[in-house]
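The values are calculated or read from the model by the stated rules, or taken from the named source; none is laboratory data. Since we're looking at a predicted model, the values are computed, not measured. Reconstructed Cβ throughout: ideal geometry from the backbone, glycine too, with neighbour counts over all protein chains shown. Surface accessibility is based on the protein's heavy atoms, side chains included, excluding ligands, DNA and RNA. Shrake-Rupley method; radii C 1.70, N 1.55, O 1.52, S 1.80 Å.
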Amino acid sequence: MSVAALFAAALISVAPQDSTPSTSLGEPVEVEDIIVNGRRFEEAAARYVGAVANPAGSRGLARWRSEVCVSVANLQPEAAQHIIDRISAVAIDLGLTPGDPGCKPNIIISVTDDPSGLAASLVGQSFRSFHTGGSGTDQGRAKLNAFIRDERPVRWWHLSYPGNAETGELAVRLPGFYDAKGMMADGSDVHAYAPAVRTTSASRIRSAIADFLSQVIIIVDTDEAGSLSLDQLSDYLSMVAFAQIDPAGQTREFSTILNLFDETVASPAGLTSWDKAYLSALYQSDLTRIQIGNQRSALAAAALAAKAEADQPLSGN
């Protein structure tokens, strides 16, 4: 039996026997609403992962490896610091290290009343900072155009890279790459133009390469976000800062902070158990599985386990 099924079975054993599953897509799915069998739990977790996960091209899911540094521009200092502190708290919960004051930002948040204009300006000023030309490092030119044009309350652009799963070092050649350490004894530099990947183990189902986030650019529309609490906005930003989230993902059937701007469902006060479980699973799962389908299955099982643990009542209650 899978981990997901075991946790589902445990949840069923403690769930009220007179509860019935929700059938309306307009109502968020809570654990107590799905008690029919373990398969329903697993299917719900798989649907959530399928709705939100958005890796770069055919690459695997990426996550931050260690330190993150958050910056917020165009807000009053007190509000900006509140957002930075709350996102940094989520980072700590995920096992990451927030940067010290003065660190070089890699989670860059800008607030503006002209998000499309700002996006176009940023891309125009430094196109290669958004579309590196390296395989598996971003979502490609078409989605970059959508990042500029699409009217969204919050828009984001992730940059990632395939790296050595053990060390985090770059594992593929990117435009402009040159490492003098690759120089041969005879003076030849042919190996300096491509990184070498060394591993201590070999497997047909796991790779020596994993995907890591390197930068996230987030633009917030002040007109759309003005009515939100800082905690709500911060938690929404945390989701898109720490995971490659699909901006077009259909999450209405779940209780998630990603529904914050969906007027057809209730706005959550902050990160929900689904959100926390997904982030926890992303940062604890083995993401060196070669097939992205296997990655998503493993992530769904881990997310379900994390959600079950968070939602399950304490013994004796």
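So here's what we get for this one:
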| read-out | value |
| --- | --- |
| Looking only at the range 109-149, and only at residues there that are under 20 Å from the mean Cα position of the chain (by Cα) and open to solvent by 40 Å² or more (accessible area, probe 1.4 Å), the one that is farthest from Gly226 (Cα to Cα) | Ser135 |
| Residue that is farthest from Glu43 (Cα to Cα), among those in the range 278-297 that are in contact with a helix residue (DSSP H, G or I) (Cβ under 7 Å, 6 or more places away or on another chain), open to solvent by less than 30 Å² (accessible area, probe 1.4 Å) and modelled with pLDDT under 85 | Leu287 |
| Strands (runs of 3 or more DSSP E) (entirely within the range 60-179) containing at least 2 residues that are at pLDDT 95 or above and not β-branched (Val, Ile, Thr) | 70-73, 154-164 |
| The range 49-76 residues that are on the phi > 0 side of the Ramachandran plot, paired with ones that are in a strand (DSSP E or B) and buried (at least 19 other Cβ atoms within 10 Å of the Cβ) (beta carbon under 9 Å, 6 or more apart) | Asn74/Val111; Asn74/Val220 |
